[in-house]
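Accompanying notes for the structure given below.
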2 protein chains.
Amino acid sequence: MNNVADLIVAKIAEFGAPVCIGLDPFPELFPDELKASVVSRYGDTVQAVVEAIYEFNVGIISATADICGVYKPQIAFYEQYGAPGYEVYQRTIRALHDAGKVVIDDSKRGDIGSTATAYAAGHIGKATLFSGSMVSCLDADFVTVNGYLGSDGIKPFSDFANQGKGIFVLAKTSNPSSGELQDLKLENGRSVFLQMAELIRSWGEGSIGDSGYSSIGAVVGTTWPEEAAILRKALPGCFFLVPGYGAQGAKGTDVRACFNPGGQGAVVNSSRGILYALRRPALQGMHWKDAAREATLEMRKDINSALK
Amino acid sequence: MNNVADLIVAKIAEFGAPVCIGLDPFPELFPDELKASVVSRYGDTVQAVVEAIYEFNVGIISATADICGVYKPQIAFYEQYGAPGYEVYQRTIRALHDAGKVVIDDSKRGDIGSTATAYAAGHIGKATLFSGSMVSCLDADFVTVNGYLGSDGIKPFSDFANQGKGIFVLAKTSNPSSGELQDLKLENGRSVFLQMAELIRSWGEGSIGDSGYSSIGAVVGTTWPEEAAILRKALPGCFFLVPGYGAQGAKGTDVRACFNPGGQGAVVNSSRGILYALRRPALQGMHWKDAAREATLEMRKDINSALK
């Protein structure tokens, strides 16, 4: 499948729910037995932390592989541990691809010209060796991108949009202060986030797949249903990556505004709400992997009911 | 010195010019003898590329160490080579610190809440091991940050602003398409970039050093002198990181608008114009390090004359 929007649409249909699991490792929240195991092998080192991250991720993936088709590792939690962290990020993406999953590399990169070209090469393309031969580094399906710098920052990524890769550009983010800039009204009556949406629409025009969606998607927080409804109307052919569910407070009914009629066109992410589900009073006593599975099943049900 | 704005001001005074050398490695532009040397040792591998990057950087630093106090490695060019690239980025920052330089980690990170906290930990702070002990990863003096997400994305970084670290937030970027979003006028009559400047000013209020500048600086492209003049007037106590000189087309006279009266308050970056100076017809035949030094001396003279 050469259009990655078609791929994510197909993957959601295959698994029966528009759900994405965010792999945001907080080592301090890892199960005690996992911590003890890596510390006994590697001591109190960076290596212990990154091995724990990998084992934790593999545990989450295996516990949810039959009920989720889309995963979103967040690079900040990995790169804070330097090169070993970066390597585990790479291994995590490889494990996800080996399991047949769609991978959204949540890196929110944003730069211009040759720098954006290098980011695109590293995240969804290939880097060049001295002979001119090429090597993949992360090789994600999608990468998240910040569009504040305009087309110059997007073009090097969107060049891959008809080669089976895609991006999600930040439109309206889920955080409390997102409105400080994004909600301001322009002279033309549009808000900044809607102006960004117009740019996203134009960037995506050339890469619309059979599903009707473009490989150039948008990040739209589910914590702002009113703004999400405006964006949904403005961008019918744009696939939405929807953060904010679960730990950030949103519920199934809140996500409706992010979907097109028929419950299409978006994937909802939850990270902490699934990974650390064992901390919920109702799930205590379970194995941590079973708790994560249970939380994923609940999320699927919650969202699918809301979209009916 | 606990305020990093004071540090950069002092470093510029010590070296006699507000000049920053950008370490943007383009392996294909490296000198042939360097390529041949690493390929003979490591073959046509990622290892050959990253070793060449390190040797190239060390060569540039040693050739310019007595005439430049501020360096800005750009992470995109390193991370495209995965974990080995990340490790060389880290080694480059260490080499710069060993040489007594101010390091601006040009990563343009931008995210929210716990994710921004992890970025801040990795780039200017410390990450946590299982025992609670802390390890530095990049430990840069400054990191560049994208403010599209508002205060939530800045706070985790600015928490380090009174601990000897700082950030440069994108205000008006140097690229041709920067105006697509940044130049739009808001209902209040301000442009988006000026609104961002107001946020930057407010974020920096609590961390103004003896120099009169805050640890929360701004990125202001010198390719837009009119907009730079507006920003300079709006943000007298904000230190500017100024890209766009040299390869991007700007000359000394263009940078004036980025400085306060007296030629203070900004540092001008050049990357390709210095690193690959050997490619200029006038400098051909020199050793590549001497050519880089010559280009740095020219840039110092050009900017210092313009600021007189």
State whether the residues of the stretch B:50-66 include one that is modelled with pLDDT of 95 or more, at the interface with chain A (Cβ under 9 Å from one of its Cβ atoms) and closer than 28 Å to A:L138 by Cα. yes
With the first residue restricted to the stretch A:140-166 and required to be facing chain B (nearest Cβ under 7 Å) and within 16 Å of B:K108 (Cα to Cα), and the second required to be buried (at least 24 other Cβ atoms within 10 Å of the Cβ) and charged (D, E, K, R), Cβ contacts under 8 Å at 6 or more apart or on different chains are A:N146/A:K108; A:N146/A:R109; A:N146/B:K108; A:L149/A:D111
Is it the case, given these coordinates, that A:I60 is surrounded by 16 or more Cβ atoms within 10 Å (Cβ to Cβ), over 26 Å from B:Q80 (Cβ atoms), touching a strand residue (DSSP E or B) at 6+ places or on another chain (Cβ under 8 Å) and of a type in the set (V, I, T)? yes
Select from the stretch A:183-205 the residues that are in a helix (DSSP H, G or I) and within 7 Å of chain B (Cβ to nearest Cβ) and list them in ascending order. A:V192, A:Q195, A:M196, A:L199
Can B:G132 be described as out of contact with any strand residue (DSSP E or B) (no Cβ under 6 Å at 6 or more places or on another chain), assigned to a loop (DSSP other than H, G, I, E, B), surrounded by fewer than 24 Cβ atoms within 10 Å (Cβ to Cβ) and within 9 Å of chain A (Cβ to nearest Cβ)? yes
Among B:K289, B:K233, B:K301, which is under 27 Å from B:A76 (Cα atoms) and assigned to a helix (DSSP H, G or I)? B:K289
Number of the condition not met by A:G221 [criteria: (1) of a type outside the set (D, E, K, R); (2) in contact with a Gly (Cβ under 6 Å, 6 or more places away or on another chain); (3) over 30 Å from A:G249 (Cα atoms)]: (3)
Looking at B:L241, is it modelled with pLDDT of 95 or more, of a type in the set (A, V, I, L, M) and under 11 Å from B:N269 (Cα atoms)? yes
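Table: residues versus (1) touching a strand residue (DSSP E or B) at 6+ places or on another chain (Cβ under 9 Å); (2) charged (D, E, K, R); (3) within 16 Å of A:Y81 (Cα to Cα); (4) modelled with pLDDT under 95.
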residue	(1), (2), (3), (4)
B:D106	yes, yes, no, no
B:A118	yes, no, yes, no
B:T144	yes, no, no, no
B:G150	no, no, no, no
B:F157	yes, no, no, no
B:G166	yes, no, no, no
B:S174	yes, no, no, yes
B:Q182	yes, no, no, no
B:K185	yes, yes, no, no
If you go through the stretch B:1-15 one residue at a time, do you hit one that is under 23 Å from B:H97 (Cα atoms) and of a type in the set (S, T, N, Q)? yes
So, in the stretch A:148-170, of the ones that are crowded, with 24+ Cβ neighbours inside 10 Å and touching a Leu at 6+ places or on another chain (Cβ under 7 Å), which residue ends up farthest from A:S114 (Cα to Cα)? A:F168
Tally time: how many residues in the stretch B:132-163 are over 24 Å from B:G22 (Cα atoms) and of a type in the set (S, T, N, Q)? 4
Out of the residues in the stretch A:67-85 that are away from every other protein chain (no Cβ under 14 Å) and touching a Ser or Thr at 6+ places or on another chain (Cβ under 8 Å), state the one that is surrounded by the fewest Cβ atoms within 10 Å (Cβ to Cβ). A:I67
Within the stretch A:32-44, identify whether any single residue is touching a Pro at 6+ places or on another chain (Cβ under 7 Å), surrounded by fewer than 22 Cβ atoms within 10 Å (Cβ to Cβ) and at the interface with another protein chain (Cβ under 8 Å from one of its Cβ atoms), and answer yes or no. no
For the stretch B:107-129, which positions are assigned to a strand (DSSP E or B), more than 7 Å from every other protein chain (Cβ to nearest Cβ) and under 22 Å from B:F77 (Cα atoms)? B:S107, B:R109
Just to be sure before I move on: is A:G246 at pLDDT below 95 and surrounded by fewer than 20 Cβ atoms within 10 Å (Cβ to Cβ) in the structure I sent? no
Does A:I21 count as β-branched (V, I, T), outside any helix (DSSP H, G or I) and either modelled with pLDDT under 95 or touching a helix residue (DSSP H, G or I) at 6+ places or on another chain (Cβ under 9 Å) (or both)? yes
Could you check how many residues of the stretch A:1-18 are closer than 23 Å to A:S158 by Cα and not in a helix (DSSP H, G or I)? 3
Condition (residue is under 21 Å from A:E87 (Cβ atoms) and either out of contact with any strand residue (DSSP E or B) (no Cβ under 9 Å at 6 or more places or on another chain) or among the small types (G, A, S) (or both)) applied to the stretch B:16-29: is it met by at least one residue? no
Is it the case that the stretch A:250-273 has a residue that's β-branched (V, I, T), closer than 22 Å to A:I60 by Cβ and assigned to a strand (DSSP E or B)? yes
Does B:V88 fit the bill of being more than 10 Å from chain A (Cβ to nearest Cβ) and β-branched (V, I, T)? no
Selection status of B:S211, surrounded by fewer than 24 Cβ atoms within 10 Å (Cβ to Cβ) and polar (S, T, N, Q): yes
Determine whether the stretch A:209-224 contains at least one residue that is over 19 Å from A:V267 (Cβ atoms), more than 19 Å from the chain's Cα centre (by Cα) and of a type outside the set (S, T, Y). no
Condition set of a type in the set (S, T, Y) and over 19 Å from A:N146 (Cα atoms), scope the stretch A:208-222, selection farthest from the other protein chains (Cβ to nearest Cβ): answer is A:S211
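The values are calculated or read from the model by the stated rules, or taken from the named source; none is laboratory data. The model shown is predicted, which means the values in this text are computed figures rather than measured ones. Cβ coordinates were reconstructed from backbone atoms using ideal geometry, including for glycine residues, and neighbour counts include every protein chain displayed.
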